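Undergrad: Quick one: structure below, then a few questions.
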Amino acid sequence: MIFIVSVIILIITTLCVVLKVYCKLTTGICRSSRHLVGKVAIVTGGNKGIGYATCKDFAERGAKVILACRSERLGTAARDAIISETGNSNIHFKKLDLSSLASVRAFAEDIIKTEKQIDILVNNAGVFEVENEKTEDGLLLAAQTNHFGPFLLTNLLLPLLKSSAPSRIVNVSSEAYRFGKLEFDNLNAEKETEETYSFSQVYQNTKLFNVLMTIELAKRLEGTGVTTNSLSPGFVATDIILNVKKGFFRLFALFGNAFSKTWWEGAQTTVYLAVSPEVEGVSGKYFSDCHEQSLRGVANDKDLARKLWDVSEKLVGLK
Ligand code: NAP
């Protein structure tokens, strides 16, 4: 019995080591040394995880970085840490709660009033394990945080992004988009009950929305000098994964650290899309590990992308 248990432990440990080595060898790294002195970058959810590592990289390159975060305490602490770690003091916190359309509008108004340019917008913030809750705007909390809020924010900042061209919009999606569904009568879980609601299905849906929004936005931005791309950061040891409490996904929390990327590794494709000369002029594409990937299934459907755009415009009050 002891022998069998030992063999099983040995097999699991070996698998984890092999997986970890595989992850390290295949992780894409942004090799560009381009500086960002004189550039302005906004990163949503910059206070921790992939967003924090992204802000830190931009700060090291000399950019003015605006951490757009919902918590003043966490946002200012992250700002101070980045200033002390990089020596760049042009790092700022501004309050942004993507689950409130009023907060998104107030943030965008403030940016338009105070900034002359935006060179990089990273729609990074997101949530995973969220209950079937509605926001003050009547939208599903996870859908508003992951899609409708960033959709409104991007639209409100477009005039400034266009006048700052060449500029780049980077949307952090996920490989989970492959399992996403786009049902126009269920965008906000209207059809779900307590029993049928699945936070993971909603997450997958919203990550599909990120990819579709990128495709339609790229079409609308043709000829403006503003590009937009989406990406999967890979499996990264951040709170969104490590704090999961329910179901199968609890395994992420238990074994996540064994074969996941670090925050720095998880930010590499975001940074690549934001700064690399290799992707200058590239728009509407999907990347992981700093390489373009072909999209699967409905994520290729340009008509669906346009329809999602139109419906989103109505739901956030742009039309
Ligand atoms: P994280 O460490 O949990 O960071 C999520 C960030 O989003 C936090 O700064 C969080 O702020 C912010 N946020 C959540 N709700 C918000 C709201 N209503 N308004 C403004 N900000 C809000 O997770 P992460 O892994 O870095 O996630 C970054 C992105 O990567 C997400 O879009 C996620 O879907 C994507 N992603 C991650 C993985 C992975 O393996 N980690 C894989 C695929 C895709 P608080 O600190 O205040 O909560």
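The values are calculated or read from the model by the stated rules, or taken from the named source; none is laboratory data. All of these numbers come straight from a predicted model, not from anything done at the bench. Positions of Cβ are backbone-derived with ideal geometry, glycine not excepted, and every protein chain shown enters the neighbour counts. For accessibility, only protein heavy atoms count, side chains too; no ligands or nucleic acids. Shrake-Rupley method; radii C 1.70, N 1.55, O 1.52, S 1.80 Å.
Conditions (1) more than 16 Å from the ligand (Cβ to nearest atom); (2) not in a helix (DSSP H, G or I), marked per residue:
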site: 184; (1), (2): yes, yes
site: 187; (1), (2): yes, yes
site: 204; (1), (2): no, no
site: 209; (1), (2): no, no
site: 214; (1), (2): no, no
site: 218; (1), (2): yes, no
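Undergrad: Residue 205: open to solvent by less than 10 Å² (accessible area, probe 1.4 Å) and of a type outside the set (Ser, Thr, Tyr), yes or no? Spell out the reasoning first.
TA: Values: open to solvent by less than 10 Å² (accessible area, probe 1.4 Å): no; of a type outside the set (Ser, Thr, Tyr): yes.
In short, no.
Undergrad: A further question follows. Return the residues of segment 235-281 that are assigned to a loop (DSSP other than H, G, I, E, B) and either surrounded by fewer than 19 Cβ atoms within 10 Å (Cβ to Cβ) or without any contact (Cβ under 8 Å) to a residue 60 or more places away in the chain (or both); say none if nothing qualifies.
TA: Residues of segment 235-281 assigned to a loop (DSSP other than H, G, I, E, B): 235, 237-238, 243-249, 260, 262, 276, 280-281.
235, 237, 243, 245, 246, 247, 248, 249, 262, 276, 280, 281 - these are the residues of segment 235-281 that are assigned to a loop (DSSP other than H, G, I, E, B) and either surrounded by fewer than 19 Cβ atoms within 10 Å (Cβ to Cβ) or without any contact (Cβ under 8 Å) to a residue 60 or more places away in the chain (or both).
Undergrad: Give the residue that is most open to solvent (accessible area, probe 1.4 Å), with candidates limited to residues of segment 23-48 that are within 16 Å of the ligand (Cβ to nearest atom) and under 21 Å from residue 153 (Cα atoms).
TA: Among them, the one singled out is 48.
Undergrad: Moving on. Run residue 112 past the list (1) among the β-branched types (Val, Ile, Thr); (2) more than 14 Å from the ligand (Cβ to nearest atom); (3) free of Cβ contacts under 8 Å to residues at least 24 places away in the same chain and report the number of the one that doesn't hold.
TA: Here residue 112 meets the rest and fails (3).
Undergrad: Also, I was wondering about something else. When you check residue 102 against the structure, is it more than 22 Å from residue 240 (Cβ to Cβ) and either more than 9 Å from the ligand (Cβ to nearest atom) or under 19 Å from the mean Cα position of the chain (by Cα) (or both), yes or no? Talk me through it step by step, then tell me what you get.
TA: Working: more than 22 Å from residue 240 (Cβ to Cβ): yes; either more than 9 Å from the ligand (Cβ to nearest atom) or under 19 Å from the mean Cα position of the chain (by Cα) (or both): yes.
It is true that residue 102 is more than 22 Å from residue 240 (Cβ to Cβ) and either more than 9 Å from the ligand (Cβ to nearest atom) or under 19 Å from the mean Cα position of the chain (by Cα) (or both).
Undergrad: Do you know which of the residues in segment 282-314 that are in contact with a Gly (Cβ under 9 Å, 6 or more places away or on another chain) and open to solvent by 50 Å² or more (accessible area, probe 1.4 Å) is nearest to residue 25 (Cα to Cα)?
TA: As a first pass, look at segment 282-314 and keep what is in contact with a Gly (Cβ under 9 Å, 6 or more places away or on another chain): 287-291, 297-299.
Filter once more, keeping what is open to solvent by 50 Å² or more (accessible area, probe 1.4 Å): 291, 297-298.
Values: 291: 14, 297: 28, 298: 31 Å.
Ranking the qualifying residues of segment 282-314, first place goes to 291.
Undergrad: Something else about it: Can you tell me which residues in segment 161-180 are assigned to a helix (DSSP H, G or I) and open to solvent by 10 Å² or more (accessible area, probe 1.4 Å)? Before the answer, list the steps.
TA: Filtering segment 161-180 down to residues assigned to a helix (DSSP H, G or I) leaves 161-163, 175-179.
Matches in segment 161-180: 162, 163, 175, 176, 178, 179.
Undergrad: Does residue 231 qualify as being under 25 Å from residue 118 (Cα atoms), of a type outside the set (Val, Ile, Thr) and touching a residue at least 60 places away in the same chain (Cβ under 8 Å)?
TA: On the way: under 25 Å from residue 118 (Cα atoms): yes; of a type outside the set (Val, Ile, Thr): yes; touching a residue at least 60 places away in the same chain (Cβ under 8 Å): yes.
Judged against the criteria, residue 231 is a match.
Undergrad: Within segment 49-72, count every residue that is under 14 Å from residue 107 (Cα atoms), within 10 Å of the ligand (Cβ to nearest atom) and open to solvent by less than 10 Å² (accessible area, probe 1.4 Å).
TA: Residues that pass the stated criteria total 3.
Undergrad: Working carefully through the options 140, 158, find the one that is open to solvent by 10 Å² or more (accessible area, probe 1.4 Å), in contact (Cβ under 8 Å) with a residue 40 or more places away in the chain and of a type in the set (A, V, I, L, M, F, W, C). Before the answer, list the steps.
TA: Working: 140 fails: open to solvent by 10 Å² or more (accessible area, probe 1.4 Å).
Just a single option satisfies the conditions, and that option is 158.
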